[in-house]
Amino acid sequence: DAKTTQPPSMDCAEGRAANLPCNHSTISGNEYVYWYRQIHSQGPQYIIHGLKNNETNEMASLIITEDRKSSTLILPHATLRDTAVYYCIPRAPRAQGGSEKLVFGKGTKLTVNP
Amino acid sequence: DAGVIQSPRHEVTEMGQEVTLRCKPISGHDYLFWYRQTMMRGLELLIYFNNNVPIDDSGMPEDRFSAKMPNASFSTLKIQPSEPRDSAVYFCASSLWGTNTDTQYFGPGTRLTVL
């Protein structure tokens with residue numbers, strides 16, 4: 001499994017964009033980058049995933065560098081409810097022979113301040 | 001859909017007692033996962049099932065831990081005998097093969113305290 005490096009903590013002002021970086025320099029060619037978050041006292045929640053193209057959904061945007069060694073999760077207008085630990089997880093889809101396992105690192109603790 | 005349901009939400013027990021944690025996955029999902037979260041070790045996968053069959057239990061810490069999935073809508077994680085170091089939040093998650101995202105949906109967790 002590819003190793004990841006994320007800053008342990010970040011702060012963001014409410015209403016501003018939160019940009020959470022992740023380094024995954026050993027990512028394999030068939031591994032996607034998945035992002036989950038865990039709000040305090042809740043189970044982790046899927047946010048978004050991508051292979052090499054930028055992705056956007058109702059929750060966030062994901063920017064992956066051309067060499068795929070790093071990515072950035074963007075919350076365009078952070079709210080207090082976005083305060084959580086954010087995990088970046090490289091993983092190949094099961095349909096492509098990947099593991100069913102999610103390997104969680106330490107993640108980034110994002111605090112959105114009023 | 002109600003999502004993944006876990007019970008109890010909180011459990012306090014004394015060392016040596018048997019503890020049973022329960023999970024009802026999302027209807028129709030064919031994978032079920034048990035995770036444990038502690039401050040020291042973070043979130044770690046204990047075991048997972050596919051179509052009620054255990055596939056990988058390499059994360060189960062020791063023989064005191066056992067998990068079963070008697071049918072597609074129910075799973076248990078049992079600790080016997082429990083020890084203080086088993087204190088943690090235990091999460092159950094489920095997913096469905098063949099979906100684009102391979103998303104795992106997590107339950108609210110069971111907070112276990114062993115005194």
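Computed from the coordinates by the stated procedures, all read-outs in this text should not be read as laboratory data. As the structure is a computational prediction, the values presented were derived from the model and not from experiment. Because the Cβ atoms are built from the backbone with ideal geometry, glycine has one as well, and the counts that use them run over all protein chains shown.
In this simple spin-label approximation, residue B:30 and residue A:40 carry label points 7 Å from Cα along the Cα→Cβ vector, and these lie 4.0 nm apart.
Checking the Cα-Cα distances for A:69/B:78; A:69/A:109; A:69/B:68; A:106/B:78; A:3/B:24 against a 30 Å cut-off, the pairs over it are A:69/B:78; A:69/B:68; A:3/B:24. Taken residue by residue and averaged, Cβ atoms of other chains lying within 10 Å of the Cβ of A:91-104 number 5. Enumerate the whole-percent occupancy of each 5 Å bin, from 0 to the last occupied one, for all C-alpha pair distances of the range B:10-115. Final binned percentages: 2, 13, 24, 25, 18, 10, 5, 1, 0.
Using the Karplus relation 6.51 cos²θ - 1.76 cosθ + 1.60 with θ = phi - 60°, the per-residue 3J(HN,Hα) values for the range A:92-101 come to 7, x, 4, 5, 10, x, x, 7, 6, 6 Hz, with x marking Gly and Pro.
Taken about its Cα centre, chain B carries a charge dipole of roughly 240 debye when the Cβ of each Lys and Arg holds +1 and the Cβ of each Asp and Glu holds -1. So which residue, out of A:52, A:101, A:69, gets the largest mean-square fluctuation from a GNM of chain A using Cα contacts under 10 Å as springs? For chain A, modelled as a Gaussian network with Cα springs under 10 Å, the answer is A:101. So what's the Cα pair-distance distribution over the protein assembly as shown, bin width 5 Å, in %? Per 5 Å bin, starting at zero, the Cα-Cα P(r) for the protein assembly as shown comes out as 1, 7, 14, 18, 18, 16, 13, 8, 4, 1, 0 percent.
Charge tally around residue B:89: other residues with Cβ under 13 Å, Lys/Arg +1 each, Asp/Glu -1 each, net +1. From a point 7 Å beyond the Cα of residue B:51 in the direction of its Cβ, which residues of the range B:67-96 have a backbone N at a distance under 19 Å? Only B:68-75, B:94-96 fall inside the zone, counting backbone N under 19 Å. Binning the alpha carbon pair distances of chain A at 5 angstrom intervals from zero yields the distribution 2, 13, 24, 25, 20, 10, 5, 1, 0, expressed in whole percent. Once backbone amide H atoms are built at 1.01 Å from N, residue A:32 has A:91, A:92 as its partners under 5 Å, excluding neighbours fewer than 5 places away on the same chain. With a Förster radius of 45 Å applied to the C-beta separation of residue A:3 and residue B:14, the computed FRET efficiency comes to 0.70. Each part gets one Cα centre, and for the range B:41-79 versus the range A:10-65 those centres are 28 Å apart. Residues in the range B:11-16 carry Karplus couplings, in order, of 9, 10, 9, 9, 3, x Hz; the curve used is 6.51 cos²θ - 1.76 cosθ + 1.60 with θ = phi - 60°, and Gly or Pro positions show x.
Here the protein assembly as shown carries DSSP beta bridges of which approximately 90% are antiparallel, counting only pairs with both residues inside.
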